[in-house]
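Trainee: Take this structure, written in structure tokens, and hold onto it; I'll ask about it next.
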Amino acid sequence: MRGWLRSDGRKGIRNVVAVAYLVECAHHVAREIVSPFRDRDVHLIGFPGCYANQYAYDMMRRLGAHPNVGAVLLVSLGCEGFDRRGLREAIAATGRPVHTVVIQAAGGTRSTIAAGRAWVERVRAELDAQPTVPVALDELTVGTICGGSDGTSGLTANPAIGRAFDRLVAVNAACIFEETGELIGCEGHMASRAATPQLAELITACVEKAARYYAVLGHGSFAPGNAEGGLTTQEEKSMGAYAKSGASQIVGLIKPGDIPPRGGLYLLDVVPDGEVRFGFPNIADNAEIVELIACGSQIVLFSTGRGSVVGSAIAPVIKVCANPDTYRRLSEDMDVDAGRILAGEATLDEVGDEIVTLIEAAGRGQKTKSEELGHQEFILTYKTFEPIGPACLPAA
Amino acid sequence: MKPFDPRLLLLSEHDNVVVACANLRGGEIVRMDGENVKLGAEVSVGFKIARRDFDAGEKVTKYGAPIGSTTTAIRRGEIVHLHNMKSDYLPTYVHDGGVGFTKR
């Protein structure tokens, strides 16, 4: 694999210009800046809220300094609460080109779009001339998520991703699984895989937090389509989702934006801390994909049974299709046909190996299906988190 | 002869349901625990079939773990889904005939 070496020592497998709106009022201008460059690795990201939020700020700071991001353009209306100066300075400190356009100061929509496009054009050319370096598997952080799950997800795609994770962890890559609301019922087993007794307690507590949070909302992490695909209950969905984690020891418990300090398997806690405040922890799959990316994932493995088609801004998404019927209908969107396992045409290990091979291909620049199709979804909303404690991380 | 039809998957010896690995027709005979069982209705891939008779209020076990409880009696060979089981943690929401959002 080849990629781009960043000042913090991490390496990107893409060299994206991120154009970030800092409030919904700047969204259209930012989208127009991106539109002529849509096939040239210029991606639209942003935060819609007018009121400042520490989580959103930290997420944008991590995304702006993500290894797959080479430069960042901030698009501000001018009067929103986002700390645009702090964000620009934090990104500039990483050595990346960063620039801010402020609509209210630049003379409105047209002039801001023109100024933004001129900057992107120049910086895109700079990034295209940057040299690449070799990238090894142990320099990757890989996230995983399942979306549009059905009764086959837990039988094929999820355990196959688990096998891929086991192989990646064995060579000291960092692997992140998540969605503690979809691990309700698995906390005891997960705790038994924790590297330390303190970490085991923290894992149990974070699933209990998720169960309380969802109980207040009166709703689990379960969509009607899950039931149409054969799943019945949160705990059944959890058991299937949990299979994505594989069989390795769990070395850390992180929150959105925390970077794994070394290789190994990490659980990402996406459920906010404190009282239930801003609604659902994960309004759609891309909210979690963005959180996996903010933790440094250069690539994301997405398991789907019903057939999600999404990709993401910033990081390539590999879609592993669990259901053979879905694969036949949506093969143009799917990278891996894990449903072959049900018919006895492939084993979990074989599909796990295929996933690792596809990760390496993406690391050599090959586009995933969702990249080819132009998927660059992105969502960021309000949340609140307390910082993690030292017992959550392994020694570096 | 093997105790289970190859189109059925028993995930754990402790399970009281099996999972369909293929789309099965209603009335079809499948082999379960060494016996021939007639399916009550069509079963789509990924759905669960009762491995034994259930009373209402019994735990349903899949992957060797409890995934909810029955709400009615269920006969061996019948589909086990939201019309006859529920979560022990949180309600499940479904589309009602393709529209709306109904609590089960």
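Trainee: Any residue in region B:33-59 that is within 14 Å of chain A (Cβ to nearest Cβ) sitting within a Cβ distance under 6 Å of a residue that is surrounded by 23 or more Cβ atoms within 10 Å (Cβ to Cβ) and assigned to a loop (DSSP other than H, G, I, E, B)? List the pairs, counting only those 6 or more apart or interchain.
Mentor: Short answer, once both residue conditions are applied: B:46/A:150; B:46/A:151; B:46/A:152; B:46/A:229; B:46/A:230; B:47/A:151; B:47/A:230.
Trainee: Still on this structure, please answer the following. What number goes with the only condition from (1) touching a Lys or Arg at 6+ places or on another chain (Cβ under 8 Å); (2) of a type outside the set (Gly, Ala, Ser); (3) more than 13 Å from chain B (Cβ to nearest Cβ); (4) surrounded by fewer than 24 Cβ atoms within 10 Å (Cβ to Cβ) that residue A:254 does not pass?
Mentor: Result: residue A:254 passes all but (1).
Trainee: Shifting gears a bit: Among the residues of region A:377-393, what is the count of those that are touching a Ser or Thr at 6+ places or on another chain (Cβ under 9 Å) and buried (at least 20 other Cβ atoms within 10 Å of the Cβ)?
Mentor: Of all residues in region A:377-393, those touching a Ser or Thr at 6+ places or on another chain (Cβ under 9 Å) come to A:377-378, A:391.
Imposing the further condition that a residue be buried (at least 20 other Cβ atoms within 10 Å of the Cβ) reduces the set to A:378.
The number of residues fulfilling the criteria is 1.
The rows are residues; the columns are (1) surrounded by 16 or more Cβ atoms within 10 Å (Cβ to Cβ); (2) within 21 Å of residue A:40 (Cα to Cα); (3) in contact with a strand residue (DSSP E or B) (Cβ under 9 Å, 6 or more places away or on another chain).
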{"residue": "A:76", "(1), (2), (3)": "yes, no, yes"}
{"residue": "A:79", "(1), (2), (3)": "no, no, no"}
{"residue": "A:88", "(1), (2), (3)": "yes, no, yes"}
{"residue": "A:92", "(1), (2), (3)": "no, no, yes"}
{"residue": "A:97", "(1), (2), (3)": "yes, yes, yes"}
{"residue": "A:102", "(1), (2), (3)": "yes, no, yes"}
{"residue": "A:107", "(1), (2), (3)": "no, no, no"}
{"residue": "A:115", "(1), (2), (3)": "yes, yes, yes"}
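Trainee: Which residue is surrounded by the fewest Cβ atoms within 10 Å (Cβ to Cβ), if the candidates are limited to region A:209-222 and must be in a loop (DSSP other than H, G, I, E, B) and either facing chain B (nearest Cβ under 8 Å) or aromatic (Phe, Trp, Tyr) (or both)?
Mentor: Just the residues of region A:209-222 that are in a loop (DSSP other than H, G, I, E, B), to begin with: A:218-222.
Narrowing the set further to residues that are either facing chain B (nearest Cβ under 8 Å) or aromatic (Phe, Trp, Tyr) (or both) leaves A:218-220, A:222.
Working: A:218: 10, A:219: 17, A:220: 25, A:222: 25.
Here the answer is A:218.
Trainee: To continue, here is another question. Would a scan of region A:170-187 turn up a residue that is aromatic (Phe, Trp, Tyr) and within 24 Å of residue A:297 (Cβ to Cβ)? Walk me through it before giving the result.
Mentor: The initial filter retains those residues of region A:170-187 that are aromatic (Phe, Trp, Tyr), namely A:177.
Now narrow it down to the ones that are within 24 Å of residue A:297 (Cβ to Cβ): A:177.
Yes: one or more hits.
Trainee: Also, quick follow-up: Condition test on residue A:95, is it under 22 Å from residue A:141 (Cα atoms) and in contact (Cβ under 8 Å) with a residue 12 or more places away in the chain? Give the derivation first.
Mentor: Numbers: under 22 Å from residue A:141 (Cα atoms): yes; in contact (Cβ under 8 Å) with a residue 12 or more places away in the chain: yes.
So residue A:95 passes the test.
Trainee: Name the single residue that is surrounded by the most Cβ atoms within 10 Å (Cβ to Cβ) among those in region A:360-374 being of a type in the set (Lys, Arg) and outside any helix (DSSP H, G or I). Lay out the reasoning, then the answer.
Mentor: Here is the first cut: in region A:360-374, the residues of a type in the set (Lys, Arg) are A:364, A:367, A:369.
Now narrow it down to the ones that are outside any helix (DSSP H, G or I): A:364, A:367.
On the way: A:364: 11, A:367: 13.
Here the residue is A:367.
Trainee: Turning to a different aspect of this structure: Among the numbered criteria (1) within 21 Å of residue A:13 (Cβ to Cβ); (2) in contact (Cβ under 8 Å) with a residue 40 or more places away in the chain, which one does residue A:334 miss?
Mentor: Unmet condition: (2).
Trainee: Having 3 or more residues that are farther than 30 Å from residue A:343 by Cβ and of a type in the set (S, T, N, Q) is the bar; report the helices (runs of 4 or more DSSP H) wholly within region A:83-173 that clear it.
Mentor: Details: elements: A:84-92, A:103-106, A:109-128, A:157-170.
Counting at least 3 such residues, we get A:109-128.
Trainee: Can you name the residue in region A:182-208 that is away from chain B (no Cβ under 14 Å) and small (Gly, Ala, Ser) and is also farthest from residue B:71 (Cα to Cα) among such residues? Please lay out each step first, then the result.
Mentor: Taking region A:182-208 and keeping what is away from chain B (no Cβ under 14 Å), we get A:191, A:193-206.
Subset that is small (Gly, Ala, Ser): A:191, A:194-195, A:200, A:205.
Working: A:191: 31, A:194: 36, A:195: 40, A:200: 34, A:205: 30 Å.
So the residue we want is A:195.
Trainee: Also, quick follow-up: Name every residue in region B:67-85 that is surrounded by 18 or more Cβ atoms within 10 Å (Cβ to Cβ), in a strand (DSSP E or B) and facing chain A (nearest Cβ under 10 Å), in order of residue number.
Mentor: Correct list: B:67, B:68, B:79, B:80, B:85.
Trainee: Of the conditions (1) modelled with pLDDT under 95; (2) out of contact with any Asp or Glu (no Cβ under 7 Å at 6 or more places or on another chain), residue B:55 clears all except one; give me its number.
Mentor: Tallying (1) modelled with pLDDT under 95; (2) out of contact with any Asp or Glu (no Cβ under 7 Å at 6 or more places or on another chain), residue B:55 fails exactly one: (1).
The values are calculated or read from the model by the stated rules, or taken from the named source; none is laboratory data. From a predicted model like this one, the values you see are computed outputs, not experimental measurements. Using ideal geometry, Cβ is built from the backbone for each residue, glycine included, and neighbour counts are taken over all protein chains shown.
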